[in-house]
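Engineer: Encoded as structure tokens, here's the structure I'll be asking about.
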Amino acid sequence: MRLTPIVTGLTLACALTSQASFAETTLRVAHVWPGGSLIDKELFQAWASSVEDASDGRLEVEVYPGQTLTKSDKTYESTANGIADIGASAQGYTAGRFPLTQVVELPGVSSSAAQGACILQSLYDQGQLDDEYADTRPLFLFTTGPGYLHTQERAIETPEDLAGLRLRRPTPLVGDMFERLDAQAVGMPAPDVYTAMQRGVVDGLSFNWEAMKTFRLNDLANHHTEIPLYDLSLFATMSQRSYEQLPPDLQRVIDEHSGPEWAQRAAAVYDELIQQGRQEAEAAGDEILVIENALDDDDWGPVLQDTIDRYLNENGERAKAVYDAAMALKRQCSA
């Protein structure tokens with residue numbers, strides 16, 4: 001009779017010990033998008049919840065949105081150094097660090113977030129981009145979808161209309177294009193653009209429709225020209241040290257939350273926001289000019305092709321090989 005309470009007591013003690021060590025590891029995720037945004041909620045918070053569930057609570061994931069743990073242009077470096085366990089931002093914020101990755105940003109490579117994510121993730125899975133991520137462990141790579149021109153006062157119909165404008169550049173490639181067209185290219189992280197445009201520091205910018213909604217820039221821009229200048233590449237990557245410190249079964253949880261499935265989940269959020277962002281501008285009565293078949297357009301085609309040629313010439317044979325691989329994947333990846 002006296003065995004029962006002893007067994008019960010041991011069972012309770014084991015249960016308490018198990019609960020005390022339930023969350024073996026806390027992973028800190030740093031990303032650039034605003035807290036409460038659809039990307040924050042439906043991508044990163046959803047990823048965190050799924051990881052916690054799949055690990056039976058042994059992994060706890062803390063999400064730090066809106067540059068609260070590390071600045072957008074330091075996110076990759078901070079992840080490589082272990083300041084964040086997982087970081088997500090744009091490769092273009094680290095100038096010159098990801099030249100092969102940025103093949104996907106060239107005009108005409110992709111026409112949607114879904115297609116861009118498929119191309120970029122596939123390039124990585126093929127081993128085409130290994131050297132650029134040697135100091136971290138990429139979880140999934142994705143893109144924003146095509147970026148267009150958005151201005152406050154001046155409608156942009158031809159490249160000549162850019163002359164004299166101060167424009168926030170999304171990537172160095174697009175910045176070089178702006179400079180060649182006699183515009184002033186201004187570099188700054190996406191979260192800073194609203195204040196800069198509100199104060200007249202910039203006259204316009206090049207963004208995709210998602211960013212126009214997420215960063216509330218549809219409130220300020222009145223003219224929109226759908227000329228696909230680029231498709232911004234994005235990463236969600238993990239500190240190699242943080243990954244290696246996990247036991248094998250928890251590493252498998254991370255592995256199962258990596259790769260094409262999550263790249264496409266990210267793309268689905270982007271493509272939904274792209275639609276919402278454009279609808280928002282339409283509802284406001286903004287002017288939207290669409291440039292069809294941009295690479296074949298008499299005015300814009302030569303400018304875009306020159307941008308492609310300059311990039312490939314500056315980055316050598318390896319970049320040309322990756323570009324060819326990207327264009328082959330474009331035919332396999334649905335838009």
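Engineer: I'd like to know if region 129-140 contains one or more residues that are touching a Ser or Thr at 6+ places or on another chain (Cβ under 9 Å) and under 17 Å from Tyr323 (Cα atoms).
Structural biologist: yes
Engineer: Then there is this: Is at least one residue of region 268-280 out of contact with any Asp or Glu (no Cβ under 6 Å at 6 or more places or on another chain), open to solvent by less than 10 Å² (accessible area, probe 1.4 Å) and touching a residue at least 12 places away in the same chain (Cβ under 8 Å)?
Structural biologist: There is no residue in region 268-280 that is out of contact with any Asp or Glu (no Cβ under 6 Å at 6 or more places or on another chain), open to solvent by less than 10 Å² (accessible area, probe 1.4 Å) and touching a residue at least 12 places away in the same chain (Cβ under 8 Å).
Engineer: Every residue in region 164-221 that is among the basic types (Lys, Arg) and surrounded by fewer than 20 Cβ atoms within 10 Å (Cβ to Cβ), please.
Structural biologist: Arg166, Arg180, Arg199, Arg216, listed by residue number.
Engineer: Quick one: which strands (runs of 3 or more DSSP E) lie wholly within region 11-103 and hold at least 1 residues that are modelled with pLDDT under 95?
Structural biologist: Fully inside region 11-103 and qualifying: 86-90.
Engineer: For region 19-72, how many residues meet the condition of being open to solvent by 50 Å² or more (accessible area, probe 1.4 Å) and of a type in the set (Phe, Trp, Tyr)?
Structural biologist: 2
Engineer: What number of residues in region 227-257 are crowded, with 18+ Cβ neighbours inside 10 Å and over 15 Å from the mean Cα position of the chain (by Cα)?
Structural biologist: The qualifying residues number 11.
Engineer: Another one. Of everything in region 165-195, what is in contact with a strand residue (DSSP E or B) (Cβ under 8 Å, 6 or more places away or on another chain) and part of a loop (DSSP other than H, G, I, E, B)? Give them in sequence order.
Structural biologist: Leu165, Pro170, Thr171, Ala183, Met188
Engineer: Considering only residues of region 267-294 that are in a helix (DSSP H, G or I) and polar (S, T, N, Q), which is nearest to Thr144 (Cα to Cα)?
Structural biologist: Here the answer is Gln275.
Engineer: Got at least one residue in region 111-129 being outside any helix (DSSP H, G or I), buried (at least 20 other Cβ atoms within 10 Å of the Cβ), more than 13 Å from the chain's Cα centre (by Cα) and free of Cβ contacts under 8 Å to residues at least 40 places away in the same chain?
Structural biologist: Looking through region 111-129, none of the residues is outside any helix (DSSP H, G or I), buried (at least 20 other Cβ atoms within 10 Å of the Cβ), more than 13 Å from the chain's Cα centre (by Cα) and free of Cβ contacts under 8 Å to residues at least 40 places away in the same chain.
Engineer: Right, here's the next one. Does Pro260 count as touching a residue at least 40 places away in the same chain (Cβ under 8 Å) and open to solvent by 30 Å² or more (accessible area, probe 1.4 Å)?
Structural biologist: yes
Engineer: Moving on. Give the number of residues within region 131-163 that are in a loop (DSSP other than H, G, I, E, B) and under 15 Å from the mean Cα position of the chain (by Cα).
Structural biologist: Of the residues in region 131-163, 0 are in a loop (DSSP other than H, G, I, E, B) and under 15 Å from the mean Cα position of the chain (by Cα).
Engineer: In this structure, is Arg241 more than 22 Å from Ala113 (Cβ to Cβ), modelled with pLDDT of 95 or more and either assigned to a loop (DSSP other than H, G, I, E, B) or basic (Lys, Arg) (or both)?
Structural biologist: Yes: the conditions hold for Arg241.
Engineer: For Ala84, which of the numbered conditions (1) buried (at least 22 other Cβ atoms within 10 Å of the Cβ); (2) over 16 Å from Phe142 (Cβ atoms); (3) under 16 Å from the mean Cα position of the chain (by Cα) fails to hold?
Structural biologist: Checking Ala84 against (1) buried (at least 22 other Cβ atoms within 10 Å of the Cβ); (2) over 16 Å from Phe142 (Cβ atoms); (3) under 16 Å from the mean Cα position of the chain (by Cα), the one that fails is (3).
The values are calculated or read from the model by the stated rules, or taken from the named source; none is laboratory data. Just so we're clear, the structure is a prediction, and the values are computed from it rather than from any experiment. Counting neighbours? That spans all protein chains shown, and the Cβs are built from the backbone with ideal geometry, glycine included. The accessibility values were calculated without ligands, DNA or RNA, using every heavy atom of the protein model including side chains. Shrake-Rupley method; radii C 1.70, N 1.55, O 1.52, S 1.80 Å.
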